[in-house]
């Protein structure tokens, strides 16, 4: 015998669809996706950090005339051109000072140049030494007396017989980069790319201890090697001919005075990359975004007063532990005496402490002096005194009740 199902009326859902059968498993709940928000936030933060690192790594490194600096003031473009011409370029700084310089071209640049450092380089008999981007103070301290001279940014002709300058042709030297020979020795063997008024030259060549020492005021930065407005510049040709005469080129960025061993003193600020400060500054808006995001996630601050129910026993126990930890024997004694006096006052109908002392002394085996000392005596000084006071007050209440 088969059972037949009565179709549900139109517009009504079957009863089985509205409520699950008894004993049936509950419908699966929708999983919480809060962890997806955390993962998304972490991924976005990591992407921002990676992007900043890429931008900072792709930016300039080092200061002016630094071969690792790809900015306008650096010389990374010239190093790349020398590498294309087959010249082996090794870059050194205070942490990796060069040891062998004989027979190679040495370029000195950076924030320091002293007489001892230059003399130590000349003692190793390099083929040529090029001093790039130094001012009059550094050069004078190194034994090359010159003074600064203003220079225009227009094209300059060689104006000398130096083979490198004559082969390179005209170059562009920016302002405040010209040099004028001083009155003291040594005097330059060649002075090229002089200004129109004859007060300065951008390229000076000396011979010190039998080594050619070239002083280059500028014109070899990355920005100087570009062709602007169709003007033909000989800056790149000048740099390649001057620095590419030997198969090996040692570029030493002197950022600290050399020590007795020929290395450089490790200056802590010089070991920190120049863009670290910019990187830390870039993390400030990221931290602000994360703070706003998490603040919105937590919702607004509740300002309404919520009812809080705490059992009295827990409150008393918490206060007692706090007094015990702080060794507040006087405060604990005040509360013990106040509670005892209040209970005795309700029992005997008088809040006067002196009357309570007499009444309690008549009702107990304690003397009036002992009762007065327990109820109004001095504060205990030790934990033992507090414990004895507690026992005395408990004895007074127990005997008073009986």
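The values are calculated or read from the model by the stated rules, or taken from the named source; none is laboratory data. Remember, predicted model here, so these are calculated numbers, not experimental data. A quick note on method: Cβ atoms are made from the backbone with ideal geometry, for glycine too, and the neighbour counts reach across all protein chains shown.
Some points to look at:
- Taking the listed residues 210, 143, 198, the one that is modelled with pLDDT under 85, surrounded by fewer than 14 Cβ atoms within 10 Å (Cβ to Cβ) and at positive phi is 198, with no other qualifying.
- Qualifying residue in region 225-242 (condition: surrounded by 24 or more Cβ atoms within 10 Å (Cβ to Cβ), farther than 13 Å from residue 105 by Cβ, at pLDDT below 85 and under 42 Å from the mean Cα position of the chain (by Cα)): no
- Residue list for region 81-95, filter: under 30 Å from the mean Cα position of the chain (by Cα) and assigned to a loop (DSSP other than H, G, I, E, B): 93, 94, 95
One line per residue, one yes/no per condition, for (1) within 37 Å of the chain's Cα centre (by Cα); (2) assigned to a strand (DSSP E or B):
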position: 97; (1), (2): yes, no
position: 106; (1), (2): yes, yes
position: 118; (1), (2): yes, no
position: 129; (1), (2): no, yes
position: 134; (1), (2): yes, no
position: 138; (1), (2): yes, no
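- All positions within region 326-352 that are more than 18 Å from residue 401 (Cα to Cα) and part of a helix (DSSP H, G or I): 326, 329, 330, 331, 332, 333, 334, 335
- Any hit, region 173-186, residues being at pLDDT 85 or above and over 17 Å from residue 134 (Cα atoms): no
- The set of residues from region 363-375 being assigned to a helix (DSSP H, G or I) and surrounded by 13 or more Cβ atoms within 10 Å (Cβ to Cβ) comprises 363, 368, 370, 371, 372, 373, 374, 375.
- Answer from 361, 379 - the residue that is in contact (Cβ under 8 Å) with a residue 24 or more places away in the chain and over 30 Å from residue 45 (Cα atoms): 379
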